[in-house]
Amino acid sequence: FLLAKDLSFKYLSKIREFFPENENIIIETESSRFYPHQTLASHLLGYLGYLDVDFEGKSGLEKMYEEMLKGTHGKQLRFINSFGKNLGKQEIEKASSGQDIYTTLDLSLQQIAEEIFPKDVSGVMLLMDPEDGAIRVFLSHPHFDPNIFLKHLDKETWESLQSDSRPFLNRIFHACYPPGSLFKLVTLSAALERSYITQKHEVYCRGFTNVGRRTWCHKHEGHGRITAAQAIAFSCNVMFYELSKIMDVDVIAHYAFMYGLGKQTNELFKDAKGLIPTRAWKKQAKGESWWLGETLSVSIGQSFLLVTPIQIARMLASIETGYLVTPRVVEHAPATCEPLAICYKTRQFLKDAMKTVAE
């Protein structure tokens, strides 16, 4: 049976000093988990928790690949006579080491992200290869140091981890937010693909539109005459308010689903789906009919809309590539994708419009 675990060198030396010849006291060494980069990508890597006589994965890759990482314990049968002398041993089960897992992260980029991300802000920084879905930077803040779970956790440390900032929340996969102006790409896709407008479409922005009452653009003095591409560049709300008057919310929702919003992006992390509202959803969830003012809000990424950061990354990648890629965080995981049913001309128009945002 096990007498003691995690002995210090000083304690181990005393045992050897007092029992130098006792063959029945067996001292064994084993490898243990250590996180040299501390909080870096902690939500992706996860942490270990102590269960009975061993550690087990509690979250992240530690939990998902528990069996692969852990390996198996071996068993030995020892023969001892009535005088306590060790007569020999026989191996019953051979121990096996755990396997290595290589993530898709770029360590240098991840470290840069950790350095520049504001320490007093809750949020994410995510960098994904649009071609194969490999995630190169995975930062969810606030984070935690998984090393603290490898030893006894004092009350003060545990209470600090229960703060309102929710440091254990994986915001990339499990937190849902209104997409805001990024969703205008979806609204514009729907309008172009369904031929409600052409790429040369223009509106005159007075700073507001009338739907029962005035609904304002973020620029109250207005943008003046503006094209669809300029509406993306300057984030003009009025362009999308006007589209909402001729395009039903269910049409917008259809294209949101086509872009992978409102759906799980992968099976590994079981990410949140978020919410893409439709007329039927509101009737079932709220017992109310849909009204036009809500379509205006949806068109600019507000209202009941909720998406995850990973969904947005996947959507933007699909505009570049023409397919929806499955995000992956482990190198050996196969790269998989599904076609995006948005025509090349529309995608190219959206890409050109997005470029003007930074010009």
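Condition check for LYS219 on (1) in contact with a Lys or Arg (Cβ under 6 Å, 6 or more places away or on another chain); (2) assigned by TED's automatic domain parsing to the domain that holds GLN264: one failure, at (1). The condition (being in a helix (DSSP H, G or I), basic (Lys, Arg) and either modelled with pLDDT under 95 or over 28 Å from CYS217 (Cα atoms) (or both)) is satisfied by just one residue among LYS283, LYS270: LYS283. Evaluated against (1) of a type in the set (Lys, Arg); (2) modelled with pLDDT under 75; (3) loosely packed, with under 12 Cβ neighbours inside 10 Å, LYS94 falls short on exactly one condition, (2). Each residue in segment 142-168 was checked for being modelled with pLDDT of 80 or more and assigned to a helix (DSSP H, G or I), and 4 of them qualify.
Looking at LEU45, LEU61, LEU51 in this structure, which one is under 16 Å from PHE149 (Cβ atoms), of a type in the set (A, V, I, L, M, F, W, C), at pLDDT below 80 and under 30 Å from the mean Cα position of the chain (by Cα)?
One residue alone meets the criteria, LEU51.
Just one residue in the set ILE246, ILE226 is at pLDDT 95 or above, touching an Asp or Glu at 6+ places or on another chain (Cβ under 8 Å) and not in a helix (DSSP H, G or I); that residue is ILE226. Here the condition is being in contact with a Gly (Cβ under 6 Å, 6 or more places away or on another chain) and closer than 17 Å to ALA353 by Cβ; of CYS205, CYS217, CYS176, it holds for CYS205 alone.
The set of residues in segment 293-306 that are in contact with a Phe, Trp or Tyr (Cβ under 6 Å, 6 or more places away or on another chain) and not in a loop (DSSP other than H, G, I, E, B) comprises LEU296, SER299. Taken over segment 249-267, residues that are assigned to a helix (DSSP H, G or I) and surrounded by fewer than 20 Cβ atoms within 10 Å (Cβ to Cβ) amount to 5. Checking LEU169, LEU192, LEU139 one by one, the residue that is in the same structural domain as PHE269 (by TED's automatic domain parsing), touching a residue at least 12 places away in the same chain (Cβ under 8 Å) and of a type outside the set (Lys, Arg) is LEU192 and no other. Could you please let me know if VAL186 is modelled with pLDDT of 95 or more, more than 26 Å from LYS273 (Cα to Cα) and in contact with a Phe, Trp or Tyr (Cβ under 9 Å, 6 or more places away or on another chain)? So VAL186 fails the test.
Please verify whether segment 115-123 includes one or more residues that are modelled with pLDDT of 90 or more, assigned to a strand (DSSP E or B), aliphatic (A, V, I, L, M) and closer than 28 Å to TYR177 by Cα.
no
Filtering ILE276, ILE319, ILE310, ILE300 for residues that are more than 23 Å from the chain's Cα centre (by Cα) and not acidic (Asp, Glu) leaves a single hit, ILE300. Exactly one residue out of GLN111, GLN99, GLN76 is farther than 30 Å from HIS143 by Cα and not assigned by TED's automatic domain parsing to the domain that holds THR308: that is GLN76.
Considering the conditions (1) outside any loop (DSSP other than H, G, I, E, B); (2) farther than 22 Å from LEU340 by Cβ; (3) at pLDDT 95 or above, LEU105 is excluded by exactly one of them, (1). Among the conditions (1) in contact with a Gly (Cβ under 6 Å, 6 or more places away or on another chain); (2) closer than 14 Å to THR187 by Cβ, SER297 misses just one, which is (1).
Of all residues in segment 307-323, at least one satisfies being over 17 Å from GLU131 (Cα atoms) and in a loop (DSSP other than H, G, I, E, B). Of all the criteria given as (1) more than 30 Å from the chain's Cα centre (by Cα); (2) surrounded by fewer than 16 Cβ atoms within 10 Å (Cβ to Cβ); (3) more than 25 Å from LEU261 (Cα to Cα), the one not satisfied by SER160 is (1).
The values are calculated or read from the model by the stated rules, or taken from the named source; none is laboratory data. Predicted model, so just to flag it, every value in this text is computed and none were measured. Neighbour counts run over all protein chains shown; Cβ positions are idealised from the backbone, glycine included.
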